[in-house]
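Comments concern the structure below.
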Amino acid sequence: MPDGRTFCYGMVREGYSSFRCGRLPEGAPTPGLLFTHRGDSDRVTSEDDLDEVRNVSFVIAEGGPQRFDHVKRSKGMGVVHQAVARFPSGRMVTFLTFDYPEHGWELDPEAEICRSDRAVCFPSEPVPY
């Protein structure tokens with residue numbers, strides 16, 4: 001990578017995968033977060049499987065290794081998966097993914113995902129924040 005703000009990531013889910021590169025924003029989208037991505041479909045869709053399609057959101061949070069989880073979960077939201085990376089500089093970040101139905105679901109406006117110490121929280125809604 002050309003610098004410390006450029007990164008690439010890949011997501012592999014069932015019958016679909018995606019790969020992206022980008023730069024971390026100069027300012028965090030919310031305190032404790034470095035990057036958020038709204039979500040990609042977990043498969044190529046057709047009219048026959050719309051009810052089964054899930055979107056997967058991706059978040060990079062500052063620090064580690066504390067656990068993130070739903071504080072209040074909208075119906076149909078999947079579990080939070082995470083992995084912590086420690087870079088040679090000593091910096092740690094946590095990579096998070098969570099999924100939700102692509103069609104036919106209702107968001108609870110109070111639903112959020114938080115680090116176990118509650119120092120970092122963000123809405124679990126699938127929109128850029």
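No value in this document is a laboratory result; all are computed from the given coordinates. Predicted model only: the values in this text are computed from it and were never measured. Quick reminder, even Gly has a Cβ in these numbers, built from the backbone with ideal geometry, and neighbours come from all protein chains shown.
For the range 73-124, which GluC sites (Glu not before Pro) are in a loop by DSSP, counting at most 15 other Cβ atoms within 10 Å?
E106, E110
Between S18 and D108, what is the label-to-label distance in nm when each label sits 7 Å out along the Cα-to-Cβ direction?
Result: 2.6 nm between the two label points.
For the range 6-123, place one equal point scatterer on every Cα, skip the solvent, and apply the Debye formula. What is log10 of I(q)/I(0) at q = 0.13, 0.17, 0.18 Å⁻¹?
-0.54, -0.91, -1.00
What is the packing order of peptides 57-69, 84-96, taking the mean over residues of other C-beta atoms within 10 Å and listing the highest first?
Ranking, from highest mean packing down: 57-69, 84-96.
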